[in-house]
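Have a look at the structure below before the remarks.
The values are calculated or read from the model by the stated rules, or taken from the named source; none is laboratory data. None of these values were measured; they are calculated from a predicted model. With ideal geometry, Cβ positions are generated from the backbone for all residues, glycine too; neighbour counts draw on all protein chains shown. Heavy atoms of the whole protein, side chains included, go into the accessibility calculation; ligands, DNA and RNA do not. Shrake-Rupley method; radii C 1.70, N 1.55, O 1.52, S 1.80 Å.
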Amino acid sequence: MKKYLFEVCGTVQKNKGRGRALGFPTANIPCSKKEEDGIYIAHAKYGEEMVLPALLFIGKALTFGDDNRLCEIYILDFDQNIEGEVLTVQ
């Protein structure tokens, strides 16, 4: 059985689209304050049984001057519009 540090789950929200413009579309979900900021190797669960390798960024996008904390998920080899869908990341 796999053990994960934590799990974040939420509805994918529309953001500014900068990742897609750079060739790396990301899904954005709300963050709680309990996860530590950083970049994590993760698994994204979408739909009933689809589990996909992903990278998870938690923190502020300081490069772009954003002061809001976010959970941003880049799902490898995945380019579907899942805005409004529930995504679970471990």
So, in nm, how far is label ASP79 from label LEU5 when the simple model puts each one 7 Å beyond its Cα toward the Cβ?
3.0 nm
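For a Förster distance of 35 Å, can you work out the FRET efficiency between the beta-carbons of LYS16 and GLU48, rounded to the nearest 0.05?
That gives a FRET efficiency of 0.70.
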Heavy-atom accessible area with a 1.4 angstrom probe orders CYS71, CYS9, most exposed first, as CYS9, CYS71
